[in-house]
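Asks: Mind looking over this structure? Questions follow.
The values are calculated or read from the model by the stated rules, or taken from the named source; none is laboratory data. Predicted model, so just to flag it, every value in this text is computed and none were measured. Note: ideal-geometry Cβ built from the backbone for every residue, glycine included; neighbour counts use all protein chains shown. SASA here: full protein model, heavy atoms, side chains in, ligands and nucleic acids out. Shrake-Rupley method; radii C 1.70, N 1.55, O 1.52, S 1.80 Å.
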Amino acid sequence: DGLRSIATPTRIVVGGSAFVLPVATWLHERLAANELVMLAPEVGHYAFLPEATDRGRRASPDCCIDASGVDRGSVHARVAALAAELFQSV
């Protein structure tokens, strides 16, 4: 119930296949002034991390290799634009 009292505009950005999607939806339903932005269905949770090196992709493929068609640079640019837009609006 305490979350409903938060009036600060909030934008929740999540990948369409991120394992935290249920948590993002739960927050969205409880925060008063928020927007839930779901990126493409193939965008996973780890697409928000920096792009990995070849060594990183070999060592931790689950965190470093995205689904086909996902470009981390584009994900990062989209999230940065959404953040800037939100900050300019408040």
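Asks: According to the Cα gyration tensor, what semi-axes, each the square root of 5 times an eigenvalue, does the equivalent ellipsoid of the chain have, listed from largest to smallest in whole Å?
Replies: Largest first, the chain gives 28, 15, 10 Å.
Asks: Heavy-atom accessible area per residue, the range 5-58, 1.4 Å probe: how many Å²?
Replies: Result: 63 Å² per residue.
Asks: Along the range 12-22, what does the Karplus equation 6.51 cos²θ - 1.76 cosθ + 1.60 (θ = phi - 60°) give for ³J(HN,Hα), rounded to whole Hz, x for Gly and Pro?
Replies: Using θ = phi - 60°, the values come out as 9, 10, 9, x, x, 10, 5, 5, 8, 3, x Hz.
Asks: Then there's this: What is the calculated FRET efficiency for Leu36 to Ser60, with r their C-beta to C-beta distance and R₀ = 35 Å, to the nearest 0.05?
Replies: 0.80
Asks: For the range 58-69, take each phi angle, set θ = phi - 60°, evaluate the Karplus expression 6.51 cos²θ - 1.76 cosθ + 1.60, and give the result in whole Hz per residue in order, putting x for glycine and proline.
Replies: Couplings: 6, 6, 9, x, 4, 8, 10, 10, 8, 4, 4, x Hz.
Asks: Amide H neighbours of Leu39 under 5 Å, counting only residues 5+ apart in sequence or on other chains, H built in-plane at 1.01 Å?
Replies: So Leu39 has HN proximity to Val14, Gly15, Gly16.
Asks: Could you work out what % of the accessible surface of the range 48-88 is carbon and sulfur, using a 1.4 angstrom probe and leaving DNA, RNA and ligands out of the count?
Replies: Here carbon and sulfur together make up 55 percent of the probe-accessible area.
Asks: Can you give the angle from 0 to 90° between the axis of helix 72-89 and the longest principal axis of the chain, with both taken from C-alpha atoms, to the nearest 10?
Replies: 20
Asks: From the helices alone, meaning DSSP H stretches of at least four residues, give me the mean residue ellipticity at 222 nm for the chain, per-run term -39500 (n - 2.57), in deg cm²/dmol to the nearest 500.
Replies: After summing the helix terms and dividing by residue count, I get -12000 deg cm²/dmol.
Asks: Starting at the first residue of the range 26-39, write each ³J(HN,Hα) from the Karplus equation 6.51 cos²θ - 1.76 cosθ + 1.60 with θ = phi - 60°, in whole Hz, x for Gly and Pro.
Replies: 4, 5, 4, 6, 10, 7, 5, 10, 8, 10, 9, 10, 9, 6
Asks: Just the accessible area for Phe19, please: 1.4 Å probe, Å², rounded to the nearest 10?
Replies: 130
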